[in-house]
1. Using a 1.4 angstrom probe and counting only protein chains, how large is the accessible area of residue 333 in Å², to 10?
2. How would you rank 210-217, 267-274, highest first, on the average number of other Cβ atoms within 10 Å across their residues?
3. Report the net charge of residues surrounding residue 135, where surrounding means a beta-carbon distance below 14 angstrom and charges are Lys +1, Arg +1, Asp -1, Glu -1.
4. Relative contact order of the stretch 213-371, please, whole-number percent, based on alpha carbon pairs below 8 angstrom and at least 6 residues apart.
5. When all protein chains stay in place, what accessible area (Å², nearest 10, 1.4 Å probe) is found for residue 316?
6. What's the ranking of 131-142, 243-254, 177-188, 295-306 by average number of surrounding C-beta atoms within 10 Å, highest first?
Amino acid sequence: SLAMQRKTVRKPPPSEHAAEGRRPAPRATRRGPRSSSRTARWSSWRRSVAVLRAASGGIAATLVCAQLYRRFRIVQDTRRPGEPNHQPVDVVERVGADERLASRRRWPVACTADDGSGCRADRPCDRVVRDDFVDAATVDALLSIAARGMGARSGAEEEATSTAAAGGPTIFDANSGYVMAPGAKLANVYGDDRDGDLFAPGDFALYRGVIRALKAEVEEVFGLPLYFTAPTFVARLSGLNTSWQPTAPHDEYWHVHVDRDNTAHYEYSGLLYLSTFGVDFDGGVFEFVEDRANDAAVLRVEPRRGRLVLFASTSENAHRVRRVVAGVRHALSFWFTCDPLKEFPDFLDGKMHLRYGPASSSSGGDASRED
């Protein structure tokens, strides 16, 4: 029977190869030249498959690494804004500091219909950049006014330099007299115990001229009658002290925000740069961010002396300033409204002003109306 045959079958004796611990020769070698050729092709195909598998694994690994690296960059950009040589992840367009615009550059932006604006329904919400709005002498004069105002917070102009060396943001509003230093330390340089000769009439005249020229520019660009509103200030962002850390919400100026969320009557915002990226400071670039969830900037503007940036203050224009990491950045910030009740005249008379409207009090007014 078959069962009996299986029992009686004897295994062949081990070959000399097995005795030496080697595998027997491939069967192809025992089948002649034709089988040898076929086996060679089979072996070549298997080697090719192995190579392809290794290559595909390498490609997959490369793609995974790229995604992980990009994710790390996004997290890094979000957590450490403005670090040296920082390049945002998803910037669609850039206006460089080394680029001089011969005319206005405009980016059309559709307005949100139900944002509660006090302006007409068909108002534009565009972004506009213009170079050489003021000349070098005017920039220097504005910087001098800001330095004296910030220094007067402690009664000495030299304080402006030491405060900048300490790092962080400081703002000065020449119209109302307020100074806010790092740590949200607020003071007014036009108080009764202050030096009345801090600014000359020529300083106020120059500042007023700049404010009124800005108002005319904004009205022309956006085609609306507007009212100058408070505050307007020069902001100094210092990166001279690399160990400086914020101690108050005011200090963290680098977060994405919407101006209207901070002050409800803002309609149009503007920045006049008084220093140049890559020359006076590093970091500190201005970015419009449309996809806040993914930290994606669509327009990056590098500050340049005399460069003007205008935009609607509403949700269409969320933006941020990257953290300044070296040097000192200066910019004049200003806002306009369509609400005549929120007008803040350009007094510029060396007195403290606290209230909106043409009949504003020069001192002791209701500061709560400033929002």
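1. 10
2. Answer by packing, highest mean first, reads 267-274, 210-217.
3. Within the 14 Å Cβ shell, the charges total +2.
4. About 33 percent, as a whole number.
5. Around 20 Å² of this residue is reachable by solvent.
6. 295-306, 177-188, 131-142, 243-254
The values are calculated or read from the model by the stated rules, or taken from the named source; none is laboratory data. From a predicted model like this one, the values you see are computed outputs, not experimental measurements. Virtual Cβ from ideal backbone geometry, glycine too; neighbours counted across all protein chains shown. Heavy atoms of the whole protein, side chains included, go into the accessibility calculation; ligands, DNA and RNA do not. Shrake-Rupley method; radii C 1.70, N 1.55, O 1.52, S 1.80 Å.
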